[in-house]
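All remarks here apply to the structure that follows.
Taken together, the values in this text are just the output of simple stated rules run on the coordinates, not laboratory data. Just so it is clear, the structure is predicted and the values come from calculations on it, not from any experiment. Cβ sites come from the backbone with ideal geometry, for glycine too, and all protein chains shown count toward neighbours.
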Number of protein chains: 2
Amino acid sequence: MSDAHLVETRLSSEQLVQGNFLDVRRDTIALPDGQRATREYVVHPGAVMVVPILDDGRVIVERQFRYPLQQVILEFPAGKLDAGESRHACAMRELAEETGYRARQWARAGVLHPTVAYSTEFIEIWFARDLYLGQRSLDQGEFIELLAMDPDALDAAACQGALTDAKSLIALMWLQKSQSGQWPLTWVSVPDAQQG
Amino acid sequence: MSDAHLVETRLSSEQLVQGNFLDVRRDTIALPDGQRATREYVVHPGAVMVVPILDDGRVIVERQFRYPLQQVILEFPAGKLDAGESRHACAMRELAEETGYRARQWARAGVLHPTVAYSTEFIEIWFARDLYLGQRSLDQGEFIELLAMDPDALDAAACQGALTDAKSLIALMWLQKSQSGQWPLTWVSVPDAQQG
């Protein structure tokens, strides 16, 4: 099935901002009917999210002030890919840096796109278990509070509007689907020597 | 419980871009420890998503080329709030414009934040049922293909990586949770005369 009736084609591209954090572009495009239009969007390196599961079934989540929303947001650990970094290496690094935990078992769940209208960002979803604690090393300017929560408490938070972060709602869904056997995960072992 | 150990405070703000679509700011802030930092982010008016349920249980979804990702994305109908528009009015308008459907029953499910790191955007989630067809009126430059899908097929698509749009994954979760009775919805009737 051809999608030619939907596809937009780049004619030219300009960079509107190269900030400390955001890279914003404006492209002139041809619509499927040949008309011209512009598309403005953020170029993002991609990110990973980790769902860290403790031996007692609780999961590690974070409370972090998210400046654009002017509120503390409950979310799973996540972070951007460094240049040339594999997604799994990024998952291991972000888990270690943000929480101090390392994991001896990892499973790749899937990918989500948080903002299809105006960002190239993808977030790859990883599960981590058989956790052990090591050194934590937050980035400069990162202030993160850690919590261990029962998945049922997270479910209640989502239902009541206290868990609104999109990636984390999807993490909760994937956790419940995997635990019910509907969306099975494939786990791989990572030796301690390969941990950060 | 005070969150003073997490909160960041605005010191100054500048607009980096006022595009056709994107409004990008850079604020200088004080971190919780008093150090300075910058935060760059998109100012967004907010949006709504609609989960339209047909009488036979299928849901209306869309296939749309999302330029930043350079691919056709499967997603639930959604759109940005117009200035001064209520969220419910926006939900009714977007459903009508993008799909042609009107709904005699509506339920507000919740709110999600797609991009907590760099956008003020929220998406309010609405469910719509008791649907009937009227006029469709896509925006200039909008090319959208409509499908009616069984929720089980959407679930399979999500598990297999063919449904990656964050808001739509959350819509699927909310649909399943509401249908199982775990996350009940409160429906309100809207007379035909109030439809667009």
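Among beta bridges identified by DSSP and lying wholly in the range B:40-196, the antiparallel ones come to about 80 percent. Remark: the range A:175-182, residue by residue, has Karplus-estimated 3J(HN,Hα) of 4, 5, 5, 6, 6, 7, x, 6 Hz, where x stands for each Gly or Pro and the curve is 6.51 cos²θ - 1.76 cosθ + 1.60 at θ = phi - 60°.
Beta bridges per DSSP, both residues in the protein assembly as shown: antiparallel share near 85 percent. Listing B:Leu154, B:Leu147, B:Leu131 from fewest to most neighbouring C-beta atoms within 10 Å gives B:Leu147, B:Leu131, B:Leu154. Ordering B:Tyr118, A:Tyr132 from the fewest to the most neighbouring beta carbons within 10 Å gives A:Tyr132, B:Tyr118.
Residue by residue along B:64-77, Cβ atoms of other protein chains within 10 Å of the local Cβ number 6 on average. For a paramagnetic label modelled on A:Arg104 (point 7 Å from Cα along Cα→Cβ), amide N atoms under 20 Å away belong, within the range A:43-87, to A:51-60.
Relative to the Cα centre, the charge distribution of the range B:77-196, modelled as +1 at Lys and Arg Cβ and -1 at Asp and Glu Cβ, gives a dipole magnitude of about 380 debye.
When every Cα-Cα distance of the range A:48-196 is counted in 5 angstrom steps from zero, the calculated P(r) takes the values 2, 9, 19, 24, 23, 15, 7, 2, 0 percent.
Inter-chain neighbour count for B:104-116: the average number of beta-carbon atoms from partner chains within 10 Å of each residue's beta-carbon is 6.
Across the range A:60-67, computed HN-Hα scalar couplings (Karplus, 6.51 cos²θ - 1.76 cosθ + 1.60, θ = phi - 60°) run 8, 10, 10, 10, 9, 6, 9, 4 Hz from first to last residue, x flagging Gly and Pro. Taking a straight Cα-Cα cut-off under 25 Å and skipping sequence neighbours fewer than 8 places away in the same chain, the lysines within cross-link reach of B:Lys177 are A:Lys167, A:Lys177, B:Lys167.
Here A:Glu40, B:Glu85, A:Glu97 are placed in order of increasing Cβ neighbour count within 10 Å, fewest first, which gives B:Glu85, A:Glu97, A:Glu40.
Per-residue 3J(HN,Hα) values for the range B:86-94, derived from phi via the Karplus relation 6.51 cos²θ - 1.76 cosθ + 1.60 with θ = phi - 60°, read 6, 5, 5, 4, 5, 4, 5, 5, 5 Hz in sequence order (x marks Gly and Pro).
Pairwise Cα distances in the range B:1-94 exceed 17 Å in 70 percent of cases. For A:Asp23 and A:Asp55, calculate 0.36 nm times their separation in residues minus their Cα-Cα distance, and state this gained length in nm to one decimal. Computed gain between A:Asp23 and A:Asp55 is 7.5 nm. Residues whose amide H falls under 5 Å from that of A:Ala109, counting only those 5 or more places apart or on a different chain, are A:Ile125, A:Trp126, A:Phe127, with hydrogens built in the peptide plane. Computed from label points 7 Å out along Cα-Cβ, the spacing between B:Asp130 and A:Leu146 is 5.1 nm.
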